[in-house]
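Okay, structure first, notes after.
The values are calculated or read from the model by the stated rules, or taken from the named source; none is laboratory data. Source: prediction; values computed, not measured. Every residue, glycine as well, gets a Cβ built from its backbone with ideal geometry; the counts of neighbours run over all protein chains shown. Quick note on the areas: whole protein, heavy atoms, side chains included, nothing else; ligands and nucleic acids left out. Shrake-Rupley method; radii C 1.70, N 1.55, O 1.52, S 1.80 Å.
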Amino acid sequence: MDLVGLSLLLALIAAEPDSAEGWSFDAVPLLSAEAGLTMVGGSPHLDSSSVDLECSLLASMPKTVDFLAVPAFRRDSASSAFLRRARLDLSWPGTPWMGGGVFLADHQPFSWGMSVPVVDWYRTEVDSLVGARLAAGGLLGFKASYLVASEAEEDSLRVTNVRAPWLGFGSFALESYRTEGPGDASDRLDVLKAWTDLPVASPHLIVVGDPDRGSSWGVIGEIRSLRLRRNHRVSVELVPLIAMAGDSLSLESGALRPGQRQAGGKLMVRSTERLLSGWLYGSREWRTDKADSFSVGLSTITEASMLLEGSLDLAEWEDCSGKISAIFQRRMQQAGGWVEIMEDDWRVGGRAGYSPRRDVHARLELSGSPSDDLDPRGRLTVIASVRSIYGMMEVGWDGDDVRLRIGLKGVLR
Amino acid sequence: MRRLTFFALLLMLGCTMLTPAERPPSPEGFSFWCPGACKVQVIGDWNHWGGLVDAGGTVNPEVGRMEPVGDGNWILQVELPRGRYRYGFLVDGVELVADPMNPERARFGDWVVSLLVVE
């Protein structure tokens with residue numbers, strides 16, 4: 001069966017992209033192969049190996065039909081040929097427009113936040129997501145969609161989304177995520193995002209909550225576009241921010257913490273004339289003064305082809321971490337070093353790279369801790385590319401532990 | 001006198017080494033300075049991190065592929081709707097780095113990446 005699947009997959013890969021009467025067809029074959037070895041008693045021992053071949057088959061008619069199927073063949077500890085991902089969306093174009101479709105392992109829920117997403121990738125097990133989706137829009141820029149899917153462990157997921165990306169004075173989005181388990185267990189998260197465009201500033205607001213639970217709420221706000229200075233040389237932007245949450249709010253993404261009461265700001269500097277940028281972040285937690293944080297950083301690319309970066313983070317005014325790095329880069333050579341501070345430890349590292357040709361690059365990285373045990377680590381990586389296929393070989397060592405990794409990845413066309 | 005000459009030379013060298021380079025005229029979109037790389041991709045929330053967060057979890061080496069435009073600069077124009085997007089530059093398919101010219105940082109898994117606010 002797997003042999004039949006693999007043969008069919010290879011036949012699909014050999015197919016040429018085509019188009020007929022408004023339809024367009026394409027096949028994108030992607031190969032990814034990896035092997036990992038460790039040195040045991042001076043000889044290499046194969047730890048893991050995998051070959052993954054998938055072919056994205058696309059058929060579409062603009063604004064009407066969108067079809068994707070991704071059959072795949074995978075060989076690691078066992079061999080299997082299976083349908084990895086699929087979707088079929090049909091639309092009735094016009095004003096208003098409407099559409100709908102069915103999907104397998106697709107349409108993974110995601111909701112952006114201020115700097116941390118409200119609903120992040122990996123919240124759902126996308127491999128086991130099966131469902132259907134309806135969408136409509138076109139009136140005054142409004143778009144709405146309703147998605148129902150079943151997840152792993154028989155959970156069901158319903159996502160409602162209404163948004164108006166541009167209303168002349170700003171935009172808003174209303175999202176609702178409901179998960180229901182096999183018993184009475186259910187979970188609900190409503191998200192409102194609002195964004196107003198005022199002449200001098202743009203307030204952004206995200207309100208989250210579970211209406212069924214009183215203290216499960218949260219608010220994050222930022223005021224953007226407050227430019228303290230902007231001329232042909234420099235742009236200085238101040239972003240005040242606030243974050244508050246109820247005691248029983250639970251967000252897996254970490255966009256808000258239960259009981260959070262935080263206020264702070266970001267000061268960002270960009271040179272418009274030179275390759276230079278810097279930032280200063282600070283926030284104060286006024287409910288428990290345990291979560292104050294402070295961060296400062298600077299990046300520049302100098303006239304001597306050097307990338308200089310430095311940053312320092314202070315959490316709770318105790319835990320300090322930071323990094324300073326200087327990397328000299330030219331067309332063929334690369335060399336540099338860095339110093340990293342991590343709470344009670346610090347590491348010093350160096351890097352050298354060489355590119356004998358446009359499509360070949362070798363890089364050596366070494367680091368160690370100047371404290372008692374030195375803790376040496378390093379890796380040598382060689383990358384070569386031919387058209388859209390890339391090969392990689394990496395030897396890494398961490399103390400006495402030596403690993404070898406070989407990989408091949410590319411689009412086969 | 002010799003000390004003064006040495007100091008002046010050191011100062012000149014330091015100024016040359018540390019003077020930020022002029023920003024090249026770049027079109028709208030992403031730009032990244034990385035001479036010597038075989039390929040650079042810009043991957044982020046809008047393109048599902050090149051396929052990393054999709055079923056299968058494999059980054060497609062063609063997604064978000066940037067074009068070399070000389071002097072070690074890579075560019076890519078992407079039109080994105082209003083919103084906030086985390087992104088990073090994937091160098092040679094093995095190293096994900098933040099945009100050094102963007103002061104807004106975010107986290108994606110264990111990586112420090114950049115944040116783009118499309119207004």
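Please give the helix B:2-18 orientation as an angle from the longest Cα principal axis of chain B, in degrees from 0 to 90, rounded to the nearest 10. For helix B:2-18, the angle is close to 20 degrees.
Sorted largest first, the principal axis extents computed over the alpha-carbon atoms of segment B:2-118 equal 67, 29, 29 Å.
The aspartates and glutamates whose alpha-carbon is closer than 13 Å to the alpha-carbon of residue A:266, local same-chain residues fewer than 8 away aside, are A:222, A:237, B:104. Counting only Cα atoms, segment A:304-375 measures 47, 27, 19 Å along its principal axes, largest extent leading. Equivalent-ellipsoid semi-axes for the protein assembly as shown (Cα gyration tensor, √(5λ), whole Å, largest first): 38, 33, 25.
Ranking A:383, B:75 by solvent-accessible area of protein heavy atoms (1.4 Å probe, all protein chains present), from largest to smallest, gives B:75, A:383.
Backbone phi angles across segment A:42-54, fed through the Karplus curve with coefficients 6.51, -1.76 and 1.60 (θ = phi - 60°), yield HN-Hα couplings of x, 10, x, 10, 6, 8, 8, 8, 8, 10, 10, 10, 10 Hz in residue order; Gly and Pro are listed as x.
At the residue level, residue A:217 shows approximately 90 square angstrom of accessible surface with a 1.4 angstrom probe and all protein chains present. Check the straight Cα-Cα distances from residue A:63 and name the aspartates and glutamates below 12 Å, setting aside those fewer than 8 residues away within the same chain. Reachable aspartates and glutamates: A:89.
Report the local net charge at residue B:42: Lys and Arg +1, Asp and Glu -1, summed over other residues whose C-beta lies under 12 Å from its C-beta.
Summing Lys and Arg as +1 and Asp and Glu as -1 gives 0.
What a 1.4 Å probe finds exposed on segment A:346-413 is 62% carbon and sulfur by accessible area, rounded to a whole percent. Overall size of segment A:273-413 from C-alpha positions, given as principal axis extents largest first: 57, 47, 32 Å. Globularity index of segment A:151-196 is 1.53 (Cα radius of gyration / 2.2 N^0.38 Å, N = number of residues).
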